[in-house]
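The values are calculated or read from the model by the stated rules, or taken from the named source; none is laboratory data. Nothing here was measured: the structure is a model prediction, and the numbers come from that model. Cβ atoms come from the backbone with ideal geometry, glycine included; neighbour counts cover every protein chain shown. These area figures cover heavy atoms from the full protein model, side chains too; ligands, DNA and RNA do not enter into them. Shrake-Rupley method; radii C 1.70, N 1.55, O 1.52, S 1.80 Å.
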Amino acid sequence: MSRYESGIHGLDELLSSSGEMDGFPQNTTTLVYGPPKVGKSIFSYEFTYHGLSNAEPCLYITADDGMKQLQQNMMDFGWFLQSFMDQDLLYVIDPISSLSGAHIENSNTYTLSKINDPTDLMVKVGLGTRFVFKKSNEFRSVFDSLTTFFTFNPEAMVIRFLKTYLRRLTEAGATVIVNYTEGVAGENTEKILKSIVDNVILLDGKYLTFKSHNGLLVTADYEITDKGLHLGRGEVL
């Protein structure tokens with residue numbers, strides 16, 4: 001599998017050191033999960049910004065925070081999005097802002113959707129996929145996060161949506177990250193979530209553990225700095 005830079009400090013090197021991967025796995029789906037406040041969204045921000053900085057387009061679904069909050073969250077790390085939207089490198093789908101009644105105009109790189117309407121959201125995913133695909137047939141896609149999506153929709157419906165979303169994006173050439181807060185859905189649903197992706201990354205506040213579909217298991221301690229996630233010493237398990 002070709003080398004792909006995640007942008008997470010130390011992660012690509014750790015995976016390469018395993019001898020089974022040459023960096024982050026390209027054109028795969030990865031579930032990033034764990035308890036609240038351990039860096040899951042920061043992982044997505046960093047993954048997104050690194051790609052954009054290398055002219056790699058990204059389709060970003062901001063389902064926990066609206067567009068304005070997403071921009072502010074990323075600015076806290078010195079990562080600015082507007083110029084990439086102006087260059088048509090970043091396409092944002094915002095299914096959460098409409099709940100607050102916020103008045104935000106759609107643009108060619110930003111569209112509102114509804115967190116409680118998976119059908120509308122999938123339509124917007126289709127439009128966004130076509131948009132970024134025109135820029136490159138290798139791009140990134142982030143869903144941040146399933147946590148709020150589960151709050152407004154039945155678990156079975158979320159799983160059906162996710163399967164379709166993952167299939168459509170990977171067929172188009174995307175490398176996909178999906179975030180989820182552990183314990184929000186039922187135990188059986190969580191098992192399904194982990195089974196329908198290629199890789200899972202557990203963040204527990206102290207360690208990052210990566211497990212691939214082919215059985216590779218690596219772990220490293222990490223910390224959250226003002227420059228994002230920073231992995232320390234790691235090992236292959």
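Worth pointing out:
- Other-chain or far-sequence residues with amide H under 5 Å of F139's (modelled H): A174, T175
- Applied to segment 54-64, the Karplus parametrisation 6.51 cos²θ - 1.76 cosθ + 1.60 on θ = phi - 60° returns per-residue 3J(HN,Hα) values of 10, 6, 9, x, 9, 9, 10, 9, 9, 9, 9 Hz, with x for Gly and Pro.
- Helical mean residue ellipticity (222 nm; -39500 (n - 2.57) per DSSP H run of 4+; nearest 500) of the chain: -11000 deg cm²/dmol
- For the chain, the carbon plus sulfur part of the accessible surface works out to 49%, probe radius 1.4 Å.
- Spherically averaged projected area in nm², based on the convex hull that wraps the Cα atoms of the chain: 11.5 nm²
- Cα-based Lys pair tally, the chain, threshold under 16 Å, eight or more apart or on separate chains: 12
- The largest accessible area among I104, I177 belongs to the first residue in I104, I177, and the rest follow in falling order (1.4 Å probe, all chains).
- Residues whose amide H comes within less than 5 Å of that of L112, counting only those at least five positions distant or on another chain, are D94 (H built at 1.01 Å from N in the peptide plane).
- Only Lys, Arg (+1) and Asp, Glu (-1) charged, at Cβ; the chain dipole about Cα centre in debye: 540 debye
- Per residue solvent-accessible surface (Å²) - segment 20-122, probe of 1.4 Å: 39 Å²
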